[in-house]
1. Rounded to a whole number of µm²/s, how large is the Stokes-Einstein D of the chain at 10 °C and 1.306 mPa s, given Rh as the Kirkwood radius over C-alpha pairs?
2. Restricting to the chain, compute how many DSSP beta bridges are antiparallel as a %, nearest 5.
3. Compare the peptides 385-393, 475-483 by average per-residue count of other Cβ atoms within 10 angstrom and give them in order, highest first.
4. Can you give the extra length, in nm with one decimal, that the chain gains between residue 244 and residue 323 once fully stretched, where that is 0.36 nm per residue apart less the Cα-Cα distance?
5. Any chance you could run the full-extension gain for residue 313 through residue 101? It's 0.36 nm times the residue separation minus the Cα-Cα distance, nm to one decimal.
6. Between the range 134-161 and the range 424-478, what is the C-alpha centre distance in whole Å?
7. How much mean residue ellipticity at 222 nm does the chain get from its helices, if each DSSP H run of length 4 or more adds -39500 (n - 2.57) and you divide by all residues, to the nearest 500 deg cm²/dmol?
8. Residue 384 versus residue 352, label points 7 Å from Cα toward the beta carbon: distance in nm?
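Quick note: the coordinates plus some simple rules give every number you see, no bench work behind them. Keep in mind that this is a model prediction, so the values were computed, not measured. Every residue, glycine as well, gets a Cβ built from its backbone with ideal geometry; the counts of neighbours run over all protein chains shown.
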């Protein structure tokens, strides 16, 4: 029996080779792996001995030889294959342990050159893996050091079961597919819409269930050279306390985190069913949280809180007064953790903010038969030149409220309406089939606080009824994209009520 071992990640490789030797395998290797095994005192031959041909082209060609691939690909159950091997003096190879050059780790370096990147594209390794995986009923293929101990255990017990061989082959093909995806990502650069597209996803863990108990679910991390190959966002959250996260927990926590992180000032966001029911900015984070809670204290119950600054003891004391599922922050003071950990089931997540909102990662949404792909809605709202379209221009205070409301509204599901004042969300309407219903819901939530408030609409008002309702509820300033065929009627309604209105020229649909 013969085995080829050639690995970039040398974790466990000495124990694997030692175990194979004890089982009677002749072990052959190349380069650094050969050196590591020889220095460990193991009997190991070079692939050049196996092929009778030296490595050439600075090591680019080592294993690409019939003596290697013939020995791997020959079907043992076909006499003609075995006769051909015998005529050519080729022995079968029964085990291949290979993992690939660290391409992603290399190309994410800022100083990497194209030449260095190309040199780190493995050719022989993927070919060995694919050949062994193609012939998995006869050849055992190992690409993950975590599989070495079980493989040795099964080999010692007798023939490795076909189901296990199939599992390892599947893992091998996926390993190569993910590797090729990283190369394609590097070569295409920032083009998010190539003619063909693959994603490399790494399973982190299974979830108890999906949106509902009858649905299976799991969490996967996307691996991409676009953001340095490192995990980011909620997927990379460090859970410091509480029960395991559910499918819905991940969705809501991500929505809350994105909303809080979209503001430069100290901000607290409270989310329920992916919509912010409370959001506020204030120089004092504890006050920001109190104001966010005032937006809708009823809906906040059982929701998710996210802040964009270290969560202090003062903030924790306020949060502890209400039941929440999750608290998310970039950091936690020890005193804050001591308070929050008194709630046994509260999930506490620490998330690195450096590579989250604004990283430019494309967004993917499944539809029947395929995916929709888009750039993130990362338009820099602060750079918008507001176009005053009414007789009355908004005051300086109203402009500040309008800009705040406009940033909030892009985190609310369409049709989205937001009421805000003093950098505080007062009420919102989300996900309604018509815009006037969203206005009604936002006003009902804000009640008397709507008087003197600013209103943001994620898309234009198709009719003046929404503006009229807002004005009757006390709204004094409105920000919206404009662009309706009835803009003149809508503006006239605002003028009739003394409401200042500005157009942005862009919209913030969130379906």
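1. Answer, rounded: 59 µm²/s.
2. So the antiparallel bridges in the chain amount to around 55 percent.
3. Top to bottom by mean Cβ count within 10 Å: 475-483, 385-393.
4. Length difference between fully extended and current span is 26.8 nm.
5. 71.7 nm
6. 64 Å
7. It comes out at -11000 deg cm²/dmol, rounded to the nearest 500.
8. 3.3 nm
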